[in-house]
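Right, one structure below, let's go through it.
The values are calculated or read from the model by the stated rules, or taken from the named source; none is laboratory data. All values derive from a computational prediction rather than experimental measurement. FYI the Cβ positions are ideal-geometry reconstructions off the backbone, even for glycines, and counts take in every protein chain you see.
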Amino acid sequence: MTDAIVSMLVVTLVAGTPLLYAALGELVTERSGVLNLGVEGTMLTGGIAGFIVTFITGNVWLGVGAAMLAGAAMSLLFAIITISLKANQVAAGLALTIFGTGLSSFAGKEYVGRSVVLEPSSLTTALGQVPVVGVLLGKLHPLVWLSWILLAAVCYFVYRTRSGLILRSIGESPSSAYAIGFPVISIRYLATLFGGAMAGIGGAYVSVIYAALWTEGLTAGRGWIAVALVVFATWRPERVLLGAYLFGGVTSMQLFAQGAGFPVPPELMSATPYLATILVLVLISRDAALIRLNVPVSLGKPFHADA
Amino acid sequence: MELSRRRFLGGVAAGSVLAASSGLPRLAAADEVLKVGIIHQGAISDTGWEYYQAAARLALEAAYPGRVETTVIENILQNQDAERLFRQLASQGHKLLFGTTFSHYASLKKLAPTVKSAHFECCAGITASDNLGIFEARHYEGTYVTGIAAGRMTKSNILGWVGAFPVPQVTYSVNAFMLGARSVNPDAVVKIVWTNAWVDSAKEKDAVAALVAQGADVISGSPNTPVQGLAAEEKGVWAIGSTGDFSNYVKKAQLTSFVLDWSPAYLEAAKAVMEGTWEPKTRWRGLGESGFVKMATHSPELPESVLKEMQAAEQAIAAGKLHPFSGPINDQNGTQRVAAGSTIPDDDLRGMNWLVEGVQGQLGG
């Protein structure tokens, strides 16, 4: 019985981790007022970069580093187009997704169907010795609980530091922030790069650890879910955690439910994670004040310094 | 000047169209090169559905060196694009065109009668029609034989199946798997988990975890990538390479496997076009000489006695003496579907929408 529960918990955490990374990155980006819809393409690019480097070097952390760089490079492209050249953010984000998907398929052509076999990390085996929680921690890659540390760091940064306050003020009213003298453009660039790097890690997690092999379109829409999760969480990091594990959990749980013989048609079970997300979004949106209080006011609008 | 040049060029174009459209698309001279076009929905990798299509094409090229020229187009996800490309290839002198997936079948059924300059063959189609031949594998013959291995090697008597979509081809495969297992182990059951995707590595891995949590110790399915086998290896259970051999990746856990060999279809069709004798045929074959299903590898841990049972079944099926779906067969609800002493007709297989007794799972709404 505990074996089954541990198994279910592991599956939930593993399924939710890429969503958590990508959504946290997107949250920081959106808090600065930039709407980056290119998360899916960035995740795939990070995924293939991480996969190729891990495949060649055998070192997961080098792969994760490469994925961060690839993700940041993709979002740098987006940042130049939308922040400096002031193009429409929605269109540029969609274009980035399509570009990233194609680029990852092209780069990954040699690697389709190949898999990466990893030694369990020494950190994981050490943690497995810890009493009680060790049973769970021993089955998880360090990237899973690193995402919790990241969550805590983002929470602290956004709400407890001066830089976080500046970030939020730029998201609310960039012209006022600019008038005070804050470097709006630079901070938006940094926020976008951070979002891209996190999406890259999320993609690398899927390709190197979760699935441990590469196929085209491996992330299967998780990037889009991450964008939705940021809204679901009303732009608050702690709720992103809830959303990521809810979605990841339901996705994996429906497979366990099928295995246990639940008398529900499998197609319906497949749809449950999306239904759950929509349900929560509807419940949140009923309170218009809640949304108004939390959405960054300048989200999606290009900033003109001279306006 | 311009008018006469235009008229001249127009005349040349009209003349060549007339010349090309006259007569059947057979080779004008014995030493003319046959141009064959093949369109793939996905990317060709080193395992999975597209790999075996490509392997058949390579066999064709090897059989007729210098006499066959192939044009391969990969990654055509949308049917509209595939349809357009088939037309384009036909207009560029390709006399034999292959569709490689069920999704091409509907488009080719419409397209083939209107494009007479080429002959069409579609893999995984249903029945041949005007100018369109189809070839499909009797997957169930392969899954029946692997079911024997699974039935013998399982200790928990629970087998797992990772299902993609509840379409007849998958349904008859899992039913045959159950029947094969029950032919040697009447207590075996099969649990199914549907992923609703032909390829979704993360979901497939979770599906294997879900099945193992239920006690399954042999996992089968319709894998296109090694992920199911690798996940099974991680959990310490057996995996079966159904329609694909992944022993390069799954070093220890692959119990046995069978592969799809489409080369007889490719070779027969090309030979017929070269000789001018092509006609639309429905090739639905399984095990045996010039069949499309070939048993592949088996683990060194598979006992001799089990291997002999599998080989005996394989030979009996190939010789037509054993049909995996010979009665009496009951479905999950206990209704008899195949009477004792009879075998299931082909049409019932093509439309199979029920699960055999012993399979635990739903087919969906």
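Looking only at region A:258-273, which residues are more than 8 Å from every other protein chain (Cβ to nearest Cβ) and small (G, A, S)?
A:A271
Could you please let me know if A:R162 is among the basic types (K, R), under 22 Å from the mean Cα position of the chain (by Cα) and more than 30 Å from B:G244 (Cα to Cα)?
No: the conditions fail for A:R162.
State whether one or more residues within region B:71-91 are among the small types (G, A, S) and in a loop (DSSP other than H, G, I, E, B).
no
Hey, could you check region A:15-41 for residues that are touching an Asp or Glu at 6+ places or on another chain (Cβ under 8 Å) and of a type in the set (A, V, I, L, M) and say which is farthest from A:L146 (Cα to Cα)?
A:V39
For region A:1-52, what are the residues that are of a type in the set (F, W, Y) and more than 14 Å from chain B (Cβ to nearest Cβ)?
The one that is of a type in the set (F, W, Y) and more than 14 Å from chain B (Cβ to nearest Cβ): A:Y21.
Just checking, which of A:S173, A:S169 is surrounded by 14 or more Cβ atoms within 10 Å (Cβ to Cβ), free of Cβ contacts under 8 Å to residues at least 60 places away in the same chain, over 30 Å from B:V250 (Cα atoms) and hydroxyl-bearing (S, T, Y)?
Exactly one residue qualifies, and that residue is A:S169.
What is the number of the single condition among (1) within 12 Å of chain B (Cβ to nearest Cβ); (2) within 19 Å of A:V11 (Cβ to Cβ) that A:A276 does not meet?
For A:A276, the failing item is (1).
Quick check on region A:194-208: of everything there that is over 10 Å from the mean Cα position of the chain (by Cα) and among the hydrophobic types (A, V, I, L, M, F, W, C), which residue is farthest from A:V34 (Cα to Cα)?
A:V208
Which is at pLDDT 90 or above and closer than 10 Å to B:G160 by Cα, of B:V208, B:V237?
Every option except B:V208 fails the conditions.
In the list A:D287, A:D306, which residue meets the criterion of being out of contact with any Ser or Thr (no Cβ under 8 Å at 6 or more places or on another chain), closer than 20 Å to A:V34 by Cβ, away from every other protein chain (no Cβ under 13 Å) and free of Cβ contacts under 8 Å to residues at least 24 places away in the same chain?
Exactly one of A:D287, A:D306 is out of contact with any Ser or Thr (no Cβ under 8 Å at 6 or more places or on another chain), closer than 20 Å to A:V34 by Cβ, away from every other protein chain (no Cβ under 13 Å) and free of Cβ contacts under 8 Å to residues at least 24 places away in the same chain, namely A:D306.
Restricting attention to region B:155-191, and to residues there that are of a type in the set (S, T, Y) and surrounded by fewer than 23 Cβ atoms within 10 Å (Cβ to Cβ), which single residue is farthest from B:S220 (Cα to Cα)?
It comes out as B:S183.
Name the residue that is farthest from the other protein chains (Cβ to nearest Cβ), counting only residues in region A:106-123 that are small (G, A, S) and surrounded by fewer than 19 Cβ atoms within 10 Å (Cβ to Cβ).
Residue satisfying both the conditions and the ranking: A:S122.
What about B:S201, is it surrounded by 24 or more Cβ atoms within 10 Å (Cβ to Cβ) and either outside the structural domain of B:M310 (by TED's automatic domain parsing) or of a type in the set (S, T, Y) (or both)?
So B:S201 passes the test.
Between A:A67, A:A91, A:A126, which is buried (at least 16 other Cβ atoms within 10 Å of the Cβ) and either among the aliphatic types (A, V, I, L, M) or modelled with pLDDT of 95 or more (or both)?
Only one candidate qualifies: A:A67.
Tell me the helices (runs of 4 or more DSSP H) entirely within region A:154-255 that contain at least 3 residues that are away from chain B (no Cβ under 14 Å) and among the small types (G, A, S).
A:162-172, A:174-180, A:184-204
Within region B:65-95, how many residues turn out to be closer than 21 Å to B:L260 by Cα and modelled with pLDDT of 90 or more?
3
Restricting to region B:148-176, name every residue that is in a helix (DSSP H, G or I), free of Cβ contacts under 8 Å to residues at least 60 places away in the same chain and farther than 22 Å from B:K203 by Cα.
B:G151
Could you list all residues from region B:30-70 that are buried (at least 16 other Cβ atoms within 10 Å of the Cβ) and part of a strand (DSSP E or B)?
B:L34, B:K35, B:V36, B:G37, B:I38, B:I39, B:V68, B:T70
Residues that are buried (at least 19 other Cβ atoms within 10 Å of the Cβ): which helices (runs of 4 or more DSSP H) entirely in region B:256-365 hold 3 or more of them?
So the answer is B:263-275, B:304-318.
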